[in-house]
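A short worksheet on the structure shown next.
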Amino acid sequence: MLRLSRARKAPRDLVVRARMVELSWSGQRVPAIAEELRCNPKTVRRWLHRFNRSGLDGLEDMGGQGRKRRITEAERSMIIGLVRQPAPGRLTVQAGGELAAEDESGPPEWTLDALAAEAQRRGIEIGRSQVRRILLAERVRWRRTRSWTRSRDADFEGKGQGSSSSTPARPAARRSSAPTSSDR
């Protein structure tokens, strides 16, 4: 215990906890230990009780702390897989060349609300914000690019040139050599 409380290469938290036990063995009271180690007396009591209950292993951090995931990895994968599928209301070209949607009443594009509703329909208890967090964490795009920016039509022509050159371009502002607060 003495060697651990003076260790330089051990995790800092473990060294501080061992020091709490060492100071307690030397006869110091909890408030004095807390003041010396600059922590709360409740913290000192908690670690002393854990040491008394479990020995040196009680000073280690216990794994598995925190809230458990509410949905499984399989359910996360299912949500990510939904984005890869066409939305149920999206028009697709059928074998006969006609346009039809799988579900006329469904959304034509995936939105967070539509993805959450579809996941709930499949039995996954999830909300819109959690769907968003999952997709952002996995770097999955659920939004389509704006359709008006590009066209697959061969006869489509771009807007052409920009505005007329009759209005001169604004001259670049001179920059002062001395830094100002607006430069930050």
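At-a-glance table
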| quantity | calculated |
| --- | --- |
| Out of 12, 19, sole residue that is surrounded by fewer than 16 Cβ atoms within 10 Å (Cβ to Cβ) and farther than 30 Å from residue 140 by Cα | 12 |
| Lone qualifier among 38, 70 - being under 32 Å from the mean Cα position of the chain (by Cα), at pLDDT below 95 and open to solvent by 40 Å² or more (accessible area, probe 1.4 Å) | 70 |
| Residue list for segment 85-138, filter: more than 18 Å from the chain's Cα centre (by Cα), open to solvent by 60 Å² or more (accessible area, probe 1.4 Å) and touching a residue at least 24 places away in the same chain (Cβ under 8 Å) | 109, 111, 122, 125 |
| Within segment 7-47, tally of residues that are under 20 Å from residue 62 (Cα atoms) and assigned to a helix (DSSP H, G or I) | 16 |
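The values are calculated or read from the model by the stated rules, or taken from the named source; none is laboratory data. All of these numbers come straight from a predicted model, not from anything done at the bench. Note that each Cβ is placed from the backbone with ideal geometry, even for glycine, and that neighbours are counted across all protein chains shown. Side chains are part of the model used for accessible areas, which takes the heavy atoms of the whole protein and leaves out ligands, DNA and RNA. Shrake-Rupley method; radii C 1.70, N 1.55, O 1.52, S 1.80 Å.
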